[in-house]
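Down below is the structure, laid out as structure tokens.
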Amino acid sequence: MKQPILILLLVIFSMTVSAQNMPTLRKGDTIAIAAPSGKVEPSQVLPAVQYFQSQGFNVIVPENLYENYSGFAGTVSQRIAQMQALLDRPGVKAIVCARGGYGAVSLLDSLDFTKFRKHPKWICGFSDITAFHSHLHTLGYPTLHSVMTINIWEENMGNEYHKSLINALRGKTLNYDFEPHPANHSGTAKGILV
């Protein structure tokens, strides 16, 4: 028998920096797709664009998203320019990364987060995108460790993982069910997730 367990999204942040308020997305808000790491093909992005649009969001797909330079989504300077443009764009409420791989960490020292601080937005992804999560958390901004466009296909569109991302962006409380285990104990916990 499954027992419902309520898990609240906890914000990971430095002990010296308080977490910033982040936007709650609504119908008509804009999600941008970014490729700061490995190269992507349209087939790895377009189903996600369709899914986000079906959820009522506008979607920006940068012109240079499908660049290919030695297995990366463009040269370092192209990927910096793409990410900087999306970070600076005030109407973008979330940036969902297309995929991970390798290469995001090489962008961080060249990005300017000044305009991002005026108009914060969710950065979503995992794998190599963890470099962005770590950097933004030290600045006091929460991010979402979530599916990326490469994980959304026509055959699995709208599954529980995709819905979890959408619900988190909409500011909804997330609930998960887990099978009970003898080592589990009922109770309440409070703390900072690191």
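The values are calculated or read from the model by the stated rules, or taken from the named source; none is laboratory data. Source: prediction; values computed, not measured. Cβ: placed from backbone, ideal geometry, glycine included. Neighbour counts: every protein chain shown. Accessible surface is based on the protein model in full, side chains and every heavy atom, while ligands, DNA and RNA are left aside. Shrake-Rupley method; radii C 1.70, N 1.55, O 1.52, S 1.80 Å.
Scan region 127-134 and tell me whether some residue there is open to solvent by less than 50 Å² (accessible area, probe 1.4 Å), part of a loop (DSSP other than H, G, I, E, B), out of contact with any helix residue (DSSP H, G or I) (no Cβ under 6 Å at 6 or more places or on another chain) and among the charged types (D, E, K, R). Scanning region 127-134 turns up no residue that is open to solvent by less than 50 Å² (accessible area, probe 1.4 Å), part of a loop (DSSP other than H, G, I, E, B), out of contact with any helix residue (DSSP H, G or I) (no Cβ under 6 Å at 6 or more places or on another chain) and among the charged types (D, E, K, R).
Cβ separations smaller than 7 Å between residues 6+ apart or across chains give the following pairs from region 28-42 residues that are more than 18 Å from Ile166 (Cβ to Cβ) to residues that are outside any loop (DSSP other than H, G, I, E, B) and among the acidic types (Asp, Glu): Ser37/Asp128. For region 60-79, the set of residues classified as of a type in the set (A, V, I, L, M), in contact with a helix residue (DSSP H, G or I) (Cβ under 7 Å, 6 or more places away or on another chain) and open to solvent by less than 30 Å² (accessible area, probe 1.4 Å) consists of Ala73 only. Could you tell me whether region 96-115 includes any residue that is in a loop (DSSP other than H, G, I, E, B), of a type in the set (Val, Ile, Thr) and more than 18 Å from Met22 (Cβ to Cβ)? Checked against the condition, which is being in a loop (DSSP other than H, G, I, E, B), of a type in the set (Val, Ile, Thr) and more than 18 Å from Met22 (Cβ to Cβ), region 96-115 yields no hits at all.
Is it the case that Gly38 is open to solvent by 30 Å² or more (accessible area, probe 1.4 Å) and over 18 Å from Met157 (Cβ atoms)? So Gly38 does not fit the description; no. Right, Ile166: touching a residue at least 12 places away in the same chain (Cβ under 8 Å), within 13 Å of the chain's Cα centre (by Cα) and open to solvent by less than 70 Å² (accessible area, probe 1.4 Å) or not? When the stated conditions are applied, Ile166 passes them.
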